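Note sheet for the following structure.
The values are calculated or read from the model by the stated rules, or taken from the named source; none is laboratory data. Just so you know, these numbers come straight off a predicted model, no measurement behind them. Glycine gets a Cβ as well: all are built from the backbone with ideal geometry, and neighbour counts include every protein chain shown. Note: accessible area is taken over every heavy atom of the protein model, side chains too, but ligands, DNA and RNA are not part of it. Shrake-Rupley method; radii C 1.70, N 1.55, O 1.52, S 1.80 Å.
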Amino acid sequence: MVPQHVGKGTCNGPRYRRVGIAGFALTLAYGASLVAAYVLVIAPAFGYEGYTAVVPNLATVLVFVVSYIAAASQLPARLTRPSQLAYWLLFFLVVAPVHVTMALVDNAGRPNPIPFVLTLSISFMALSLIYRISPPGIVVPPATAQAFWVVMALLIVGGLSYFAITFGVQFRMVSFDDVYDVRRDYTDSLKDVNPVGPYIVGWIGYVLGPALLATGFVRRNPLLLVAGGAVQLLIYSLTGFKSVIVSMLLLVVLAQLSRRFPERMVGPHLVGYTAVGVGLITFFDFVNGGVALSSLFVRRLVLSAGINSYNYYDYFANNPKAHLGHSVLAEIVDYPYQVSPAHLIGEVYYGNSEMSANANVWADSYANFGLTGMILCTVLLGCVFIVYDGLAQQRDLRISALLIALPGFTLCNSGLLTSLLTHGLLLAMVVLVFIPWSGPRTPEDTVPLGWSRLQQP
C-alpha cells in the first residue's frame with residue numbers, strides 16, 4: 001500500500017525552459033505546412049466559405065512572420081506543469097492558424113488584421129509569464145482510490161442515465177457523413193429538456209470519459225480504457241460531436257508521446273509529428289484531387305479558428321460589442337442582438353442562423369470587449385492555469401496533463417466562461433483535487449511521476 005504522503009513536494013517547479021533551436025525550427029515547419037494546406041487544397045475547394053487566398057504585400061508578411069516567431073519563441077521545451085499542454089494546444093489551434101489565414105485571406109473592405117494579430121501574439125506571450133513563477137502550494141488531501149472511483153462511476157452512470165431517459169439509448173456508429181443530421185436532432189431535442197443537458201454532455205465527454213482513458217493509459221488498465229472508450233463513443237452517437245472522437249485520438253497520441261518520459265508530451269516531438277501529419281495529409285489530397293482528409297483534420301480542426309477569428313474581428317470592429325449581455329451580464333447589459341455572438345457570425349457570414357460559428361477564447365473576448373478584452377481574458381486564463389498547476393503538484397504529471405487536454409482543447413473553439421462551465425474546465429479541477437496522490441509503480445520507481453521527479457537533477 002502506498003503511503004498517502006508519497007508524491008508531496010515543494011511548490012517550486014523546474015526552471016522554465018523555452019523551446020530550443022530544433023523545436024523552434026519545427027514550429028516554423030508547422031506554420032509552413034498550414035500555408036501549403038491552405039493554398040493548395042483548402043482555398044481552391046472552400047473559397048465560397050471565406051477561405052480565399054491572395055498574395056499579401058511584403059510589409060504584411062514581415063509583420064506576421066515576426067509576430068509568429070515571437071509567439072513561438074515562448075513555447076516550453078518540455079512539460080514541467082500540466083497547463084503547458086493547454087498552452088501548446090492554444091498555439092497549434094489558435095495562434096498559428098490565425099497568423100496563416102489572416103495573412104492569406106482576401107481582406108478587401110475588411111479591417112486591417114494586424115491589430116488583432118499583434119494583440120493575440122502579445123496575449124499569448126504574456127500568458128507564458130506564469131511559468132516564470134511558482135504556483136501556490138495548494139495542498140488538498142485526496143480521496144481514497146476506492147471512494148474516488150465509486151464517485152466517478154456514479155457521476156458517469158447518472159449522467160448517462162439522464163441521457164437514456166431524455167433522448168433514449170441509441171448506441172450506433174455514426175459516419176462523419178451523417179454526423180450533422182445527428183447533431184441537428186440532438187440540438188432540436190435540447191429545446192424541450194432541462195437546460196442542464198448541455199452541461200452533462202460537456203462534463204462527461206470532455207472530463208469524466210477522458211479521465212477514465214487518461215488513467216487507463218497511465219496505469220495500463222484495460223478495463224478503464226474500454227470503459228472510457230465506450231463512454232466517448234456513446235456520447236458521439238447521441239450528439240454527433242466529432243470533437244469527442246478527435247479527443248480520443250488526441251489522448252492516444254499524447255499518451256504515447258509521454259509513455260516513458262512525461263515531459264515529452266510537448267516540445268519538438270509533438271510539433272514535429274504535427275507538422276509532418278499536416279504535410280502528409282496535404283500531399284495526399286493534393287495528389288489525389290480530394291479534400292476529405294484536409295477538410296476534416298486541417299480545415300475544421302485548425303484553420304477554421306483563423307477564419308472565424310477574422311469574422312469576429314470584422315463584425316465587432318464595426319458593430320456594438322456584446323459585453324457578455326448574452327451571458328452572465330444579461331441582467332445588467334442591454335444586449336443589442338437577438339442571438340449569441342457565435343450564432344450571429346453563423347448567420348452573417350455563413351447564411352445559417354442555426355449555425356454556431358465558434359472561434360476561441362481571444363476571438364470571443366474581442367466580441368465582448370474588443371482588444372482590451374483579449375488582454376483581460378489572458379489575465380483570467382493565466383489565473384486558471386496557475387490554480388490548476390497548484391492543485392496538480394501532488395498528482396501524477398501525465399494524468400493531470402491529460403485531464404486538462406480536452407478542456408484545453410475547447411478553449412480553442414469557445415469562450416473562457418463556456419470552457420469553464422459547459423465544457424468542464426472547472427470540473428477538471430474538482431476531479432484533480434480528489435484524484436489519489438501519485439505513488440511508486442514498481443519497486444525501482446521510488447519517485448512518483450509528479451513534479452518532485454522532475455525536480456531531481
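Among the residues of region 163-190, those that are under 27 Å from the mean Cα position of the chain (by Cα) and either among the small types (Gly, Ala, Ser) or modelled with pLDDT of 80 or more (or both) comprise Ser175, Ser189.
Among the candidates Val55, Val35, Val65, the residue that is farther than 16 Å from Val302 by Cα and modelled with pLDDT of 95 or more is uniquely Val65. Contact annotation: residue pairs with Cβ atoms under 8 Å, 6 or more positions apart or on different chains, pairing a residue in region 284-298 that is at negative phi and touching a residue at least 12 places away in the same chain (Cβ under 8 Å) with a partner that is assigned to a helix (DSSP H, G or I) and open to solvent by 70 Å² or more (accessible area, probe 1.4 Å), are Asp285/Ala292; Phe286/Leu40; Leu293/Phe284.
If you check Tyr349, Tyr310, which single one turns out to be buried (at least 22 other Cβ atoms within 10 Å of the Cβ) and either closer than 18 Å to Tyr51 by Cα or touching a helix residue (DSSP H, G or I) at 6+ places or on another chain (Cβ under 8 Å) (or both)? Quick ask: steps written out before the conclusion?
Numbers: Tyr349 fails: buried (at least 22 other Cβ atoms within 10 Å of the Cβ).
Testing whether each residue is buried (at least 22 other Cβ atoms within 10 Å of the Cβ) and either closer than 18 Å to Tyr51 by Cα or touching a helix residue (DSSP H, G or I) at 6+ places or on another chain (Cβ under 8 Å) (or both) leaves just Tyr310.
Is it the case that some residue within region 259-270 is assigned to a loop (DSSP other than H, G, I, E, B) and crowded, with 17+ Cβ neighbours inside 10 Å? Yes, region 259-270 contains at least one residue that is assigned to a loop (DSSP other than H, G, I, E, B) and crowded, with 17+ Cβ neighbours inside 10 Å.
Of the residues that sit in region 379-398 and are out of contact with any Pro (no Cβ under 9 Å at 6 or more places or on another chain) and open to solvent by 10 Å² or more (accessible area, probe 1.4 Å), which one is nearest to Pro82 (Cα to Cα)? Show your work before the answer.
Taking region 379-398 and keeping what is out of contact with any Pro (no Cβ under 9 Å at 6 or more places or on another chain), we get 379-384.
Retained after the next criterion (residues that are open to solvent by 10 Å² or more (accessible area, probe 1.4 Å)): 379-380, 383-384.
Values: Val379: 18, Leu380: 17, Cys383: 14, Val384: 12 Å.
In this case the residue turns out to be Val384.
When residues in region 329-348 are screened for being assigned to a loop (DSSP other than H, G, I, E, B) and among the small types (Gly, Ala, Ser), 2 of them pass. Against the numbered list (1) modelled with pLDDT of 95 or more; (2) closer than 29 Å to Val291 by Cα; (3) not β-branched (Val, Ile, Thr), Gly47 comes up short only at (1).
Anything in region 48-68 that is in contact with a helix residue (DSSP H, G or I) (Cβ under 8 Å, 6 or more places away or on another chain) and of a type in the set (A, V, I, L, M)? List them, or say none. Those that are in contact with a helix residue (DSSP H, G or I) (Cβ under 8 Å, 6 or more places away or on another chain) and of a type in the set (A, V, I, L, M): Ala53, Val54, Val61, Val63.
In region 85-175, counting only helices (runs of 4 or more DSSP H) that sit wholly within it, the ones holding 3 or more residues that are out of contact with any helix residue (DSSP H, G or I) (no Cβ under 7 Å at 6 or more places or on another chain) and closer than 28 Å to Gly209 by Cα span 145-167. Restricted to region 120-158, and to residues there that are touching a residue at least 12 places away in the same chain (Cβ under 8 Å), of a type in the set (S, T, N, Q) and surrounded by fewer than 20 Cβ atoms within 10 Å (Cβ to Cβ), the residue that is nearest to Met374 (Cα to Cα) is Ser128.
For region 24-77, filtering for residues that are out of contact with any strand residue (DSSP E or B) (no Cβ under 9 Å at 6 or more places or on another chain) and part of a loop (DSSP other than H, G, I, E, B) leaves 8. A search for C-beta distances below 7 Å between a residue of region 72-86 that is open to solvent by 10 Å² or more (accessible area, probe 1.4 Å) and any residue that is among the basic types (Lys, Arg), counting only pairs 6+ apart in sequence or on different chains, returns Ser73/Arg18; Gln74/Arg18; Ala77/Arg17; Ala77/Arg18; Arg78/Arg17; Arg78/Arg264.
Per this entry, Val117 is not counted among residues that are within 22 Å of Gly272 (Cβ to Cβ), free of Cβ contacts under 8 Å to residues at least 60 places away in the same chain and crowded, with 21+ Cβ neighbours inside 10 Å.
Residue check: is Asp364 of a type in the set (D, E, K, R), crowded, with 17+ Cβ neighbours inside 10 Å and in contact (Cβ under 8 Å) with a residue 60 or more places away in the chain?
Here the answer is no, as Asp364 does not meet what is asked.
I'd like to check something: does region 326-338 contain any residue that is touching a residue at least 12 places away in the same chain (Cβ under 8 Å) and either open to solvent by less than 10 Å² (accessible area, probe 1.4 Å) or touching a strand residue (DSSP E or B) at 6+ places or on another chain (Cβ under 7 Å) (or both)? No, region 326-338 has no match at all. The single residue among Ala77, Ala72 that is more than 29 Å from Met355 (Cα to Cα) and in contact with a Lys or Arg (Cβ under 6 Å, 6 or more places away or on another chain) turns out to be Ala77.
May I ask you to verify whether Gln232 is assigned to a helix (DSSP H, G or I), free of Cβ contacts under 8 Å to residues at least 40 places away in the same chain and open to solvent by 10 Å² or more (accessible area, probe 1.4 Å)?
Details: assigned to a helix (DSSP H, G or I): yes; free of Cβ contacts under 8 Å to residues at least 40 places away in the same chain: yes; open to solvent by 10 Å² or more (accessible area, probe 1.4 Å): no.
The answer is no for Gln232.
Looking at the structure I just gave you, is Gly408 in contact (Cβ under 8 Å) with a residue 24 or more places away in the chain, of a type in the set (Gly, Ala, Ser), surrounded by 15 or more Cβ atoms within 10 Å (Cβ to Cβ) and in a helix (DSSP H, G or I)?
Values: in contact (Cβ under 8 Å) with a residue 24 or more places away in the chain: yes; of a type in the set (Gly, Ala, Ser): yes; surrounded by 15 or more Cβ atoms within 10 Å (Cβ to Cβ): yes; in a helix (DSSP H, G or I): yes.
Criteria met by Gly408.
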